[in-house]
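To start, the structure under review is shown below, and the notes come after it.
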Ligand code: UDX
Ligand code: UDX
């Protein structure tokens, strides 16, 4: 490929399109370990960029350890801006890290990824790149998206002045495996870094960036399509384990077994492993559902009906888990929650993040509202406007607005409530003093623990009724 002509090609400037949960932390860590490389993170969302450039304790993403890194490198070799064109022009390597939601309409609606932003990023790159440029897919994408990117880069090679240019591109796939809440540790100590591509020189250049802090044995190189597919399959396997253990949680409740004990007994078999065997209110987040839907769509497109329905089952169990938690709440409160005050503790999709995308709290809150319950929602990191936005509640929905309040202080939130539903495993919820707080609730009062974080011994010292997911003794 063209790099042979550019023997001295070195990465001095990186551009990342998309300053989101993936782009922001990933580029911050790259900037930390590559002080000689300028890293420009660009985004079309002005507010987001302003927040990245604002106070370190108000960055748009809450992620343990992130603020420290940003404060060390921002303004030195890490820059956030909306100047997409300029940053593309200056870049030797461009990461595409834009969001790829599920299509809401048209062919593949509800399953296929909406690639409009990936496509527009590729068009911007083809128009504004000035020299040989390596383009890296960071977003999780359907298999063969690299081909689309390549085709756009090749066919729309025009400068902004309209003249054809002779710029060359190499496309690589470098999916990100970080999990929110542990993103910085995952980036600094990854299990592996995956680079897929056809052009060895470009792969080596990207490899050299990671080699600054990642052991070479952990850097796996594959062809483009294996890399793209591996990301979808890794997420599908992780989600599959969660649905497996969640299906077991229901068996435990009906038999008197305890899912925590079963998970430990099963997971200590080193062939199975203990991770991702925590039962809960179903998986949320921006990736699992989307990636499985994508996988299902790909399988159907390939005529692999049985494979598609196998993976679809994982999503069905996830929905069913959330549905049965909501039904358990209604059932325990005498089949009627109309006008009853229910406290939702935790609105992010997991602890240590302010991200609410696909949070189980959203689905369960909506179902409870549908039964006319009054909700008080509390979360240490998710702001009130984000909670209301996630529930899709506008001021004009007077019926709902009056039924929801947001209260960060747990003691205040619990006042006069009939039930508390623990939805996210935030550390502070593990240490709630129920002996004290029980007196604030209306009797008979219930605590529903969907994350198995409450000490059974401690709750038994109170007069509270208790339901714990997957615990046959308490349901
Ligand atoms: C990532 C991945 O990229 C996605 O494929 C994966 O499935 C989930 O994780 P994430 O970083 O979490 O996405 O998304 P988000 O936080 O929404 O950030 C994407 C950013 O890209 C947004 O800030 C958005 O404004 C920006 N964007 C989008 C652009 O700058 N340009 C565009 O054309 C489109
Ligand atoms: C996931 C993948 O882990 C990561 O590799 C990929 O890059 C993006 O998608 P993320 O969604 O950020 O990361 O968080 P993760 O820790 O995987 O949790 C996803 C959901 O599964 C959360 O709702 C979490 O509460 C739930 N979960 C996780 C369980 O219910 N049980 C578990 O044992 C683990």
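Need one number: % antiparallel among DSSP beta bridges in the stretch 320-474, to the nearest 5. Here the antiparallel bridges make up roughly 0 percent for the stretch 320-474.
Approximating the spin labels as points 7 Å out from Cα along Cα→Cβ, the residue 385-to-residue 225 distance works out to 4.6 nm. The slack in the chain from residue 261 to residue 473, taken as 0.36 nm per residue of separation less the alpha-carbon distance, amounts to 75.1 nm. Each pair of Cα atoms in the stretch 47-92 enters the Kirkwood radius, and Stokes-Einstein at 25 °C and 0.890 mPa s then converts it into a translational diffusion coefficient of 213 µm²/s. Expressed to the nearest 5 percent, the antiparallel share of DSSP beta bridges inside the stretch 1-125 is 5 percent. Could you tell me the calculated FRET efficiency between residue 10 and residue 401, based on Cβ-Cβ distance and R0 = 45 angstrom, to the nearest 0.05? Here the calculated transfer efficiency is 0.20. One quarter of the convex hull surface built on the alpha carbon atoms of the stretch 320-474 amounts to 8.2 nm², the projected area averaged over directions. Classify the stretch 203-297: rounded, prolate or oblate, from the alpha-carbon gyration tensor (a ≥ b ≥ c, eigenvalue square roots; a/c under 1.5 rounded; otherwise prolate if a/b is larger than b/c)? The shape class here is prolate. With only the Cα atoms considered, the stretch 381-468 has a convex hull volume of 103 Å³ per residue. By the compact-protein rule of thumb, 2.2 N^0.38 Å, the alpha-carbon radius of gyration of the stretch 54-190 corresponds to a ratio of 1.19.
Within the stretch 307-404, the proportion of C-alpha pairs whose separation exceeds 22 Å stands at 34%. A Förster radius of 41 Å, combined with the Cβ-Cβ distance separating residue 305 from residue 442, puts the computed FRET efficiency at roughly 0.20. Beta bridges assigned by DSSP with both partners in the chain are antiparallel in approximately 10 percent of cases. Mean projection of the Cα convex hull over all viewing directions, computed for the chain: 24.4 nm². With R₀ fixed at 45 Å, the C-beta to C-beta distance from residue 211 to residue 46 puts the FRET efficiency at about 0.80. Segment residue 320..residue 131, full-extension length gain: 62.9 nm, with 0.36 nm per residue of separation and the alpha-carbon distance subtracted.
Values in this text are rule-based calculations from the coordinates and carry no lab data. The model shown is predicted, which means the values in this text are computed figures rather than measured ones. Backbone-built Cβ (ideal geometry, glycine too); neighbour counts: all protein chains shown.
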